[in-house]
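Since every read-out is calculated from the coordinates, none of them should be taken as a lab result. The structure presented is a predicted model; accordingly, all values stated were derived computationally and were not measured. Note that each Cβ is placed from the backbone with ideal geometry, even for glycine, and that neighbours are counted across all protein chains shown.
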Amino acid sequence: MKLVNRLYEYRDLFYIYIWREFTVRYKNSIIGILWAIIQPLLLMCLFTFIFTFILDVNFGDYPKVVFFYAALLPWTFFSSSLNYSVFSLVNNYDLITKIYFPREILPLSGITVALIDFLIASLLYVVLLIVFKIHINSNALWVIPLMLLLIVFTVSISFLFSCVNVYYRDVGLLTRFIIQILFFASPIIYSIDKISMKIKIILFLNPLTFIIENMRRCVLEGRGVVLWQFLLVSCIVIVFYHYCYKLFIRIERNFADVI
């Protein structure tokens, strides 16, 4: 609630930053917002080619293009958000040193633009579901709380990395490496169904594993989320958010001096 209260007071500035980031991202671009679809689409095509003609792997009773795209949607949102937010404070040092405003606006504006891209790219996902005649039941509604969980986790890690990057610029370089590790530690090009229990336990230390796997399952397989697992991961993510935001607020007052 503290975050909401701080943003509400400066909501006009927040809206301006969102609009600015959205327009800057697609300024002088020929195809504009279609880039939001092209990135996951190209990766989907690449993985489909590799796991069809180079490594013939069966992922289930549904087409591979849908299997990959279902996971690339949340992953692209997460990676795009983190890539932007980690540099959002240092890239706007001129504003931070001149005027006061809630510094959360900077990383959150980029995350919001990434969310808009996610919604745009989801339109192609709907088209794929229709084209390949994927039957959807009420369990698909689990996508909504899972997406909310993904947003909270993304905001948490963005707050953490962006504020620490003000003091230690190595974090920016480290973030790219961490994103690469998380890509392979998340079930994007594989499913955890055929993985041994020991490996599953390790993978589930990454909240993205639970979120991405279930966002794909509840739509493509019509399977519901195990409630106790959802509650456990939710508690972990909320606690993580609490401490990340607490750290952000604590050192925020020194940004202008350090940056």
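Separation between the HIS135 and ASN91 pseudo-spin-labels, each 7 Å from Cα along Cα→Cβ, expressed in nm?
My value for the distance between the label points is 4.6 nm.
Given points 7 Å out from each Cα along the Cα-Cβ axis, report the LEU148 to VAL24 separation in nanometres with one decimal.
With each label placed 7 Å out from Cα toward Cβ, I get 3.1 nm.
Straight-line reach from LYS2: which aspartates and glutamates have a Cα under 16 Å away, not including same-chain ones fewer than 8 places off?
GLU104, GLU252
Which of the following values of P(r) over Cα pairs in 10 Å bins from 0, in percent was calculated from the structure shown: (i) 7, 28, 34, 22, 8, 1; (ii) 7, 30, 34, 19, 8, 2, 0; (iii) 7, 27, 31, 22, 9, 3, 0?
(i)
To the nearest 0.05, how large is the calculated FRET efficiency for LEU3 and VAL126 if R₀ is 30 Å and r is the Cβ-Cβ distance? Please list the in-between numbers first.
Values: r = 31 Å, r/R0 = 1.04.
Result of the calculation: an efficiency of 0.45.
Putting +1 on Lys and Arg Cβ atoms and -1 on Asp and Glu Cβ atoms, find which of LEU231, SER80, LEU55 reaches farthest to the positive end of the dipole of the chain.
Farthest towards the positive end: LEU231.
Could you give the C-alpha radius of gyration of segment 147-203 expressed as a fraction of 2.2 N^0.38 Å, taking N as the number of residues it contains? Walk me through the intermediate numbers first.
Values: Rg = 14.3 Å, N = 57, 2.2 N^0.38 = 10.2 Å.
Taking N as the residue count of segment 147-203, the ratio is 1.40.
How do MET197, MET215 rank when sorted from fewest to most other Cβ atoms within 10 Å of their own Cβ? Provide the component values of the computation, followed by the final result.
Details: MET197 6, MET215 23.
Ordered by Cβ neighbours within 10 Å, fewest first: MET197, MET215.
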